[in-house]
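The values are calculated or read from the model by the stated rules, or taken from the named source; none is laboratory data. Quick caveat: nothing in here was measured; it's all calculated off a predicted structure. All Cβ positions, even for glycine, are placed from backbone atoms using ideal geometry, and neighbour counts span all protein chains on display.
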Amino acid sequence: MHRVKVVFGHLSPPNTFKSHSDHIVSGVECSALSASPDDIVVVHGLRTAFGKAKRGSFKDTTPDELLSRVMTAVLVDVGLSPERLGDICVGNVLQPGAGALMARVAHFLSEFPETVPVYTVNRMCSSGLQALFNIAGAIRSGSYDMGLACGVESMSLRDTGEPGDVSSRLMDYEKARDCVIPMGITSENVAERFGVSREKQDAFAFSSQQK
């Protein structure tokens with residue numbers, strides 16, 4: 001299980017952000033690294049460590065607590081007041097109500113003001129990535145200048161063994177049955193079908209961790 005938080009920003013001055021290394025990066029300096037001063041960029045990102053489901057160090061930690069800690073930390077690192085955020089989008093699949101309550105609780109546990117909106121998005125199995133797209137798209141459309149994109153799951157506190165409240169006709173349709181296959185089995189099937197070796201997977205994972 002993991003959680004990722006990213007602050008998006010518009011590059012045009014006078015926006016100024018503080019990086020993880022405490023170096024002040026202005027919109028002008030950022031634009032020198034991009035194709036256009038109007039580019040939308042990821043200003044900063046953090047995530048918690050990984051833990052094993054049901055027996056790892058986070059097995060008893062609720063997702064709203066995990067989310068809150070990193071929401072707070074990323075803005076502290078950037079030196080950004082939460083009031084400046086135009087929106088917060090949280091990708092979440094495994095929580096009741098697609099994480100709406102969990103995201104709102106984490107929002108207030110982080111002491112963000114109620115004037116900053118927050119919502120959740122559920123896209124299996126790339127909800128966190130969809131949150132990034134949503135925030136970036138809203139900035140590009142001019143809805144706001146900065147937003148916070150998040151993703152959170154707890155494989156320990158959410159039982160994924162049962163599909164929940166779905167139609168009894170589920171088993172009558174092959175594609176519908178596939179929807180309840182655990183991702184662990186899916187990854188094995190994909191690896192076998194497309195010849196993705198364990199070594200390739202480990203190399204990709206290592207590269208992802210470095211990023």
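Could you say whether any residue in the range 135-142 is in a loop (DSSP other than H, G, I, E, B), more than 20 Å from the chain's Cα centre (by Cα) and assigned by TED's automatic domain parsing to the domain that holds residue 56?
yes
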Pairs, first surrounded by 10 or more Cβ atoms within 10 Å (Cβ to Cβ) in the range 182-198, second of a type outside the set (A, V, I, L, M, F, W, C) and assigned to a helix (DSSP H, G or I), C-beta under 9 Å, six or more apart: 186/178; 187/201; 191/198; 191/200; 191/201; 196/187
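Every residue, every condition in (1) outside any helix (DSSP H, G or I); (2) modelled with pLDDT of 90 or more; (3) under 17 Å from residue 152 (Cα atoms), yes or no:
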site: 34; (1), (2), (3): yes, no, no
site: 52; (1), (2), (3): yes, no, yes
site: 57; (1), (2), (3): yes, yes, yes
site: 60; (1), (2), (3): yes, yes, yes
site: 70; (1), (2), (3): no, yes, yes
site: 89; (1), (2), (3): yes, yes, yes
site: 93; (1), (2), (3): yes, no, yes
site: 104; (1), (2), (3): no, yes, yes
Condition met for residue 194 (under 23 Å from residue 47 (Cα atoms) and outside the structural domain of residue 123 (by TED's automatic domain parsing)): no
Selected residue (only one of 178, 87, 172, 165 is of a type outside the set (Gly, Ala, Ser) and in contact with a strand residue (DSSP E or B) (Cβ under 7 Å, 6 or more places away or on another chain)): 87
